[in-house]
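Some notes on the structure that comes next.
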Amino acid sequence: MTAVRPPKTITRHRDGEIHAYVTDSTATGTLEPVAVFRPRPGDEVVASAARPDLQRVVYTTLNDVVCLTRAGDVLWTSSFEPRSDHPHGHRPGCALSLDGRNVWVYRPDAMAGRGGGDQWVVHEADSGAVIARHELETVGHGAFHHVHPVDGSVYLDVGEGQDGSVICRAAPGAGGEPEFVTYPWWDRCLIDLSPDGEQFMTVDHGQADVAFHRHPSGDVLFTLPVEAFGYDPEEAFVEWSGGYLTPELAVVTLGGEGQDEEEWFRHHLIDVRTGTLDGEILVEATNPYEVVPLGDGSWLTGGSGDNPVRWVRAPLR
């Protein structure tokens, strides 16, 4: 018997509120929020994640992680001590585990001026108790979490500005304690995990190529430089965006400037089974980072009313 996965939720921050949307549905067009959470007065939300049942949300500010109920009650908070007096350059991130039981928090403590290195902290979602704490050898401005859709391991892509990007992964270890691994690259940005969990996609920090890697080893399956897409590498580059449209197809975005210094971008499809180009996909987007592939044949773009818009290329299976 195949377990039924909970619906996928995303959050957006609007007018001082956290809006949660369900994307695993047959609905297309503009999505309406299915839950709205109101942070504590005065909190400026940096990142957020809603539980699949939409009864709770966790969010980070520059100095705290907070867990709220749908009714607006604060379940728990955890402060980043000492509080930072640096208003810029550090953006704490958060994510919920696949089963919703744990909260993963990235703390850019080095850039926040807290006198130590960055930390990756795991909290128990119901109580806020710290389950694990990992000292990262990074000096990051911010990071993106990617939760593996099958085994529940968690990837973290830490952006260090001009110094590059570091990719880490945490997986269940002996006794339930997570085991942390740092991949041996400083020049690759993690873009997405495949929906079947078998691989992941990275883009060169210098934007010269895109690569696809085996999960969890990180072994490179194939790499495509800018030239493979028919562009001059002096005039075009791979954007740090895109992702998996389906388990078999990935979206890779190429961009550049025209003769009149007008910026352009185009979305190419890659057959990840063969490592070959599979045409282009035409999307309505205002910038190369607006398109968010969802892995089920659909993708999101921004909407005129600040609500995301869901598009479908082919009937969902």
TODO: Search region 109-127 for residues being in contact (Cβ under 8 Å) with a residue 40 or more places away in the chain, among the small types (Gly, Ala, Ser) and farther than 15 Å from Ala95 by Cβ, and hand back the single one that is surrounded by the fewest Cβ atoms within 10 Å (Cβ to Cβ).
DONE: Ser127
Task: Those residues of region 146-166 which are in a loop (DSSP other than H, G, I, E, B), closer than 13 Å to Gly197 by Cβ and touching a strand residue (DSSP E or B) at 6+ places or on another chain (Cβ under 8 Å), in sequence order - done: His148, Pro149, Asp151, Gly152, Ser153
Task: Residue check, Glu239 outside any loop (DSSP other than H, G, I, E, B) and either among the charged types (D, E, K, R) or at pLDDT below 95 (or both) - done: yes
Open item on the list: Cβ-Cβ distance below 8 Å, separation of 6 or more or different chains: which pairs start in region 265-281 with a residue that is of a type in the set (A, V, I, L, M) and end on one that is modelled with pLDDT under 95 and not in a strand (DSSP E or B)?
Closed with: Leu269/Ile281; Ile281/Arg313
TODO: Could you tell me which of the residues Ala47, Ala95, Ala112 is over 29 Å from Val309 (Cβ atoms) and among the small types (Gly, Ala, Ser)?
DONE: Ala112
TODO: Report, ordered by the first and then the second residue, all pairs with beta carbons closer than 8 Å, sequence separation of six or more or different chains, a first member in region 21-40 that is under 30 Å from Leu62 (Cβ atoms) and buried (at least 19 other Cβ atoms within 10 Å of the Cβ), and a second member that is of a type in the set (Asp, Glu) and at pLDDT below 95.
DONE: Tyr21/Glu32
Task: Residue pairs meeting the criteria (Cβ under 7 Å; at least 6 apart or on separate chains; first without any contact (Cβ under 8 Å) to a residue 40 or more places away in the chain, in region 92-106; second surrounded by fewer than 18 Cβ atoms within 10 Å (Cβ to Cβ) and of a type outside the set (A, V, I, L, M, F, W, C)) - done: Asn102/Glu124
- [ ] From (1) touching a residue at least 12 places away in the same chain (Cβ under 8 Å); (2) more than 19 Å from the chain's Cα centre (by Cα); (3) over 15 Å from His123 (Cβ atoms), pick out the condition that doesn't hold for Ser78.
- [x] (3)
Task: Residue that is modelled with the highest pLDDT, among those in region 255-301 that are in a loop (DSSP other than H, G, I, E, B), buried (at least 20 other Cβ atoms within 10 Å of the Cβ) and among the β-branched types (Val, Ile, Thr) - done: Val272
TODO: Can you give me the number of residues within region 88-104 that are surrounded by fewer than 23 Cβ atoms within 10 Å (Cβ to Cβ), within 14 Å of the chain's Cα centre (by Cα) and over 14 Å from Ala50 (Cα atoms)?
DONE: 1
- [ ] Using the structure shown, decide if Asp260 is without any contact (Cβ under 8 Å) to a residue 60 or more places away in the chain and closer than 16 Å to Met201 by Cβ.
- [x] no
Open item on the list: Suppose we keep only residues that are in contact (Cβ under 8 Å) with a residue 12 or more places away in the chain, part of a loop (DSSP other than H, G, I, E, B) and more than 20 Å from the chain's Cα centre (by Cα) within region 128-145. Which one would you say is farthest from Val103 (Cα to Cα)?
Closed with: Glu137
Open item on the list: With the condition being surrounded by fewer than 18 Cβ atoms within 10 Å (Cβ to Cβ) and touching a Cys at 6+ places or on another chain (Cβ under 6 Å), I'd like the strands (runs of 3 or more DSSP E) fully within region 167-224 carrying at least 1 qualifying residues.
Closed with: 178-182
TODO: Please state which one of Ser84, Ser48 is among the hydroxyl-bearing types (Ser, Thr, Tyr), within 22 Å of the chain's Cα centre (by Cα) and surrounded by 13 or more Cβ atoms within 10 Å (Cβ to Cβ).
DONE: Ser48
Open item on the list: Can you tell me how many residues within region 14-32 are modelled with pLDDT of 95 or more and either of a type in the set (Asp, Glu) or touching a His at 6+ places or on another chain (Cβ under 8 Å) (or both)?
Closed with: 2
Open item on the list: I'd like to check something: does region 34-43 contain any residue that is under 27 Å from Val292 (Cα atoms), modelled with pLDDT of 95 or more and either within 20 Å of the chain's Cα centre (by Cα) or among the aromatic types (Phe, Trp, Tyr) (or both)?
Closed with: yes
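The values are calculated or read from the model by the stated rules, or taken from the named source; none is laboratory data. Just so it is clear, the model here is predicted, and its values are computed rather than measured. Neighbour counts are summed over all protein chains in view; Cβ atoms, including those assigned to glycine, are modelled from backbone coordinates with ideal geometry.
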